[in-house]
Amino acid sequence: MLRDNNVMMSFLRVISVGCILLLVLYLAIFVLLFDQIQEECYLSSSTTVKKFFLPQFTAKGNQKVLELNPGRQQMHGSTSQHPSTLDEGEEQDIIEDNQWWNVTSYFNPSTYDQLRKAALKPYLNVTSLAYPHGPFGGFRNQYMTFAGMVLLVDRGNHSQIIAESVEWKDLFGTNQRLRHDLFFESVHRNSFYPFLPRFVEYDRDLFIDVTVLGKTEMTPNIKWNVEDLSRATKPFAIGLTGLQAQNQYKQYVKRVVQGLQERDPVDLLILKGAFRPHPALYSIMYNYWEKSGLSMGYMALHASVEPDMQKNNMCVDAKVTNITHIIHNLQVKFPNPLTPNILLIFNREIFQSEVKNKNIDNALAKYNLVVINDIIKTGLWNGRVRVHEAGISLAKNSRHDIYSKYFSLSGSVLDFFLAVQADIFVGTEVSSFSIDVEITRFYRGK
């Protein structure tokens with residue numbers, strides 16, 4: 001009998017220890033998930049309404065805007081690596097030369113293409129890298145990957161990134177992966193070298209460890225000629241995993257927000273103007289700004305009420321998912337309109353895909369889309385304020401060979417930079433898109 005009691009007690013002790021270990025494991029998983037949710041919400045917290053200066057869309061000479069800046073570029077074949085910091089005078093000089101919103105509709109595709117090819121010519125005696133991973137997530141998640149990748153390149157003291165290896169995904173559109181310099185400016189971007197790493201085009205004689213396949217000018221595919229990427233040197237491979245660059249950027253921003261470090265000089269240059277749309281995209285944006293009436297002043301409103309945001313379980317308590325509530329609060333807060341125009345930033349494709357899907361009954365999505373269509377027709381503040389839609393609609397109607405086809409990515413770029421340029425921006429604290437618009441506006445003096 002005593003022996004049976006001892007066996008039973010031992011058995012109960014084993015079960016107790018096992019339960020405790022299992023409980024500890026569950027708690028650890030919960031803490032990790034909670035910390036991730038808190039980080040996403042924390043990185044998204046910000047003021048939602050700000051008043052800024054009028055936009056400065058004014059003409060300037062072609063040469064002033066599009067010329068290469070040899071004063072900030074190493075000569076071909078230089079062995080110098082770019083420094084990690086700028087002194088105050090150097091940074092101010094770069095920012096003063098970077099009045100990029102003054103570019104107007106004079107853009108000449110053939111002239112720019114010549115400048116682009118010259119700017120993307122690789123230097124010989126510097127280290128180069130290729131990014132072996134594809135884009136991840138929506139537009140701003142892809143931006144975080146891009147910015148994190150640039151930070152990784154800079155911290156490794158490398159000089160060049162093969163342009164064909166950096167791609168952006170036309171998410172919710174064709175879902176194709178497209179090369180970076182089709183959508184973002186390269187000539188001006190490379191003028192920041194050596195303070196920022198350069199983008200260069202693939203050269204089969206210089207970069208023997210990779211081969212660029214597919215439609216190299218549009219949807220290139222990088223094939224590595226080495227089995228172990230850690231042994232590649234021409235070019236080196238940057239990023240151990242597909243999420244390393246994005247996670248690196250998130251952790252960096254978290255430290256900045258918590259006051260644990262200053263913004264990296266590389267990040268500051270990107271925020272202050274090194275990152276900007278391709279001149280062809282800018283021309284579409286400028287022409288719309290001029291002809292639509294936005295030039296008379298406009299507020300950009302990013303309500304973030306699309307179905308995907310509605311279903312996202314991050315920061316639930318801070319969300320407003322009914323567009324009517326947002327519009328009502330805006331008109332109560334400002335009884336007299338602040339601008340004669342509002343640019344509504346939203347993804348119509350996501351709405352229409354949800355509403356047309358017979359297997360989904362999303363009443364709120366249907367309601368929000370009806371309200372959006374109505375205010376675009378009738379305006380706000382009793383018709384005193386016109387409501388505009390750019391983004392995907394503007395890209396589709398541009399008739400541009402590239403941007404009308406890859407309308408989702410193009411529309412995101414157009415909406416983002418139109419929001420950056422707005423007289424007033426109203427966003428949501430739960431959206432990385434809104435937060436990034438506001439941060440970019442701050443560093444560009446808006």
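Report, in whole Å, the centroid distance computed from the Cα atoms of the range 353-431 and the range 319-347.
Their Cα centres are 13 Å away from one another.
Using θ = phi - 60° and the Karplus relation 6.51 cos²θ - 1.76 cosθ + 1.60, list the HN-Hα couplings for the range 119-133 in order, rounded to whole Hz, with x at every Gly or Pro.
Whole-Hz 3J(HN,Hα) from phi for the range 119-133: 5, 8, 5, x, 7, 7, 9, 10, 7, 10, 9, 10, 9, x, 10.
Under 5 Å between amide H atoms, partner at least 5 residues away or on a different chain: which partners does Ile342 have, H built in plane at 1.01 Å?
The list, which skips near neighbours in sequence, is Met299, Arg386, Val387, His388.
Take the alpha-carbon centre of the range 195-263, take the same for the range 167-192, and report the distance between them in whole Å.
14
Order Thr324, Thr339, Thr233, most accessible first, counting only protein heavy atoms with a 1.4 angstrom probe.
So, going from the largest accessible area down, we get Thr233, Thr324, Thr339.
Is the C-alpha gyration tensor of the range 142-294 telling us rounded, prolate or oblate? Criteria: a/c under 1.5 is rounded; beyond that, a/b larger than b/c is prolate, otherwise oblate.
oblate
Mind running the shape call on the range 303-446? Use the C-alpha gyration tensor, a ≥ b ≥ c as the square roots of the eigenvalues: rounded below 1.5 for a/c, prolate if a/b tops b/c, oblate otherwise.
Taking the square roots of the gyration eigenvalues as a ≥ b ≥ c, the range 303-446 is rounded.
So how much accessible area does Asp401 have, in Å² to the nearest 10, using a 1.4 Å probe?
140
Would you mind checking which residues have amide H under 5 Å from Gln176's amide H? H placed 1.01 Å from N; only 5 or more apart, or other chain.
Asp170
Under 1.5 on a/c is rounded, so check that first for the range 173-253, then, if it is not, pick prolate when a/b is larger than b/c and oblate when it is not; a ≥ b ≥ c are the square roots of the alpha carbon gyration tensor eigenvalues.
Rounded.
Ignoring ligands, DNA and RNA, how do His400, His388 rank by accessible area with a 1.4 Å probe, largest first?
Result of the area sort, largest leading: His400, His388.
Where does each of Glu290, Glu201 land when they are ordered by accessible area, with a 1.4 Å probe and the largest first?
Glu290, Glu201
In whole Hz, with x marking every Gly and Pro, tabulate ³J(HN,Hα) for the range 329-341 from phi via Karplus 6.51 cos²θ - 1.76 cosθ + 1.60, θ = phi - 60°.
Along the range 329-341, the couplings run 4, 5, 6, 6, 5, 10, x, 9, x, 7, 9, x, 9 Hz.
Under 30 Å Cα-Cα from Lys250, which lysines qualify once same-chain neighbours fewer than 8 residues away are excluded?
Cα-Cα hits under 30 Å: Lys50, Lys51, Lys169, Lys223, Lys234, Lys272, Lys311, Lys319, Lys446.
For Phe199, what charge total do you get from the other residues with a beta carbon under 14 Å from its beta carbon, if Lys and Arg give +1 and Asp and Glu give -1?
Surrounding charge for Phe199 is 0.
The values are calculated or read from the model by the stated rules, or taken from the named source; none is laboratory data. It should be emphasised that the depicted structure is a prediction, and the values quoted were computed from it without experimental measurement. Counting neighbours? That spans all protein chains shown, and the Cβs are built from the backbone with ideal geometry, glycine included. When the accessible area is computed, the model is the full protein with side chains, heavy atoms only, and any ligands, DNA or RNA have been set aside. Shrake-Rupley method; radii C 1.70, N 1.55, O 1.52, S 1.80 Å.
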